[in-house]
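Everything below concerns the one structure shown next.
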Amino acid sequence: MRRHKEKGGSPNKKRKSGTARDSRAESEEFLKKNRSKADVIETASGLQYSIVDPGEGASPTEWSTVEVNQRILLVDGTVIKDTFRTPDRDRFTMEEAIPGLKEGLPMMKEGGRFRFVVPPDLAWGKRGAGNKIGPNAALVFDIRLERVND
């Protein structure tokens with residue numbers, strides 16, 4: 001007698017229904033551990049950062065366009081983007097930035113490098129972004145502010 005395969009795939013595969021809840025728990029655990037590091041500063045909004053290199057140039061305002069090199073990671077270490085390995089920088093207006101970067105980038109000066117840990121509510125929140133960033137995902141940004149254009 002042949003058995004029919006159940007719809008929905010292998011029972012060993014992780015089901016997507018718990019993904020948002022699991023991601024929220026994983027993000028909260030990562031933020032809690034990161035908060036306890038000696039060099040980490042946390043703002044009132046929950047944005048966490050550490051200063052790798054303070055830089056010496058101009059700081060962006062809410063109306064600036066910035067050029068950055070950045071490595072964006074999920075809290076499990078998955079690399080979403082890494083412009084440090086390419087000849088191209090990312091360029092965007094502060095208005096286009098996610099809330100965590102709108103808050104964090106003005107603390108930086110040109111030439112500076114910070115590590116931001118952005119909680120889900122200051123990133124893409126419940127909706128996520130495409131197929132790379134799931135719902136309720138905290139993100140880690142290793143970011144160098146290359147240039148500020150006003």
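The values are calculated or read from the model by the stated rules, or taken from the named source; none is laboratory data. What you are looking at is a predicted structure, and each value in this text was computed from that prediction instead of being measured. Glycine also receives a Cβ, built like all others from the backbone with ideal geometry; neighbour counts cover every protein chain displayed.
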Taking region 108-150 and keeping only residues that are of a type in the set (A, V, I, L, M) and either at pLDDT below 95 or in a strand (DSSP E or B) (or both), one is left with Val117, Val118, Ala129, Ile133, Leu139, Val140, Ile143, Leu145, Val148
Inside region 24-60, can you point out the residues that are of a type in the set (A, V, I, L, M, F, W, C) and farther than 15 Å from Val118 by Cβ? Ala25, Ala38, Ile51, Val52, Ala58
For region 30-62, the count of residues that are surrounded by 15 or more Cβ atoms within 10 Å (Cβ to Cβ), of a type in the set (Gly, Ala, Ser) and closer than 17 Å to Ala123 by Cβ equals 1
Quick check on region 37-48. Is at least one of its residues in a helix (DSSP H, G or I), under 16 Å from the mean Cα position of the chain (by Cα) and free of Cβ contacts under 8 Å to residues at least 24 places away in the same chain? no
Are there any pairs, at least 6 apart or on different chains, whose C-beta atoms fall under 9 Å, with the first in region 63-81 and loosely packed, with under 14 Cβ neighbours inside 10 Å and the second of a type in the set (Ser, Thr, Tyr), and if so, which? Trp63/Thr93
